[in-house]
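The values are calculated or read from the model by the stated rules, or taken from the named source; none is laboratory data. Computed from a predicted structure; not experimentally measured. Using ideal geometry, Cβ is built from the backbone for each residue, glycine included, and neighbour counts are taken over all protein chains shown. Side chains included, ligands, DNA and RNA excluded: accessible areas come from the protein's heavy atoms. Shrake-Rupley method; radii C 1.70, N 1.55, O 1.52, S 1.80 Å.
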Amino acid sequence: MPAGVYAVEGQYIWDSWIVEDQGILHRYALSAPSDKLTPNERHQHAFVRHAISENGGVTWTDKGPAIQPSGIKGVWPDKVIWTSSVMIREENGEKTFLMFITGRNQEDNDEMNQEIGITTSKDGQHFTRPRRLFYNPPSMLVNSVTTLRMMTASIWHGETLLLSKIQPPKSGICSSPPNQKMLAVQSGQPSVMPLPLTTH
């Protein structure tokens, strides 16, 4: 196998995100059974798989599934998990892996609604059940006559949110300034929730 390739027999592997911890690379990727699904079907059956590398990414050791849909109706995400991101927080000498995931429920199948959630782990492999943070409906689009001042959330000091206001763009999707971390708008109203996260 070529250097750097992460492959698992019987699985599609795509969309990776990586974090380093004491010289070990933790790679998370979307995965789905390749012997049961077509390339197009895989997207509706994706989960998060975990691999590690101790030689800078030259070779990867598969650790198996890390985060999977619940499969229980209404227990988010019960259908699929899509591309996510990961970071490590260290507090009082204790490390925690923080995974921000994109998830969907079965009932969202037609509208393709996606939600952002968070899950944590002490070892990078065994994660808690994800909990939802933000909902991203089609109404997130802002039109040119909108007078709403969007709320952006900067995450500081554990679960404290410091809020500041910005003007929405003339059209399109609102984005956060470089020094801010999260933006969520639901049906024209700000939607922010505390995050167990420290960024400085």
On a full-extension model of 0.36 nm per residue, what is the gain between E54 and N92, subtracting their alpha-carbon distance, rounded to one decimal in nm?
11.1 nm
Pairwise label distance in nanometres, R131 with A3, each label 7 Å out on the Cα-Cβ vector
4.4 nm
Which value, in Å², gives the accessible area per residue of the range 1-49 when a 1.4 Å probe is used on the protein heavy atoms?
55 Å²
Could you tell me which trypsin sites (Lys or Arg not before Pro) in the range 1-76 are loop residues by DSSP with no more than 11 other beta carbons within 10 angstrom of their beta carbon?
K36, K73
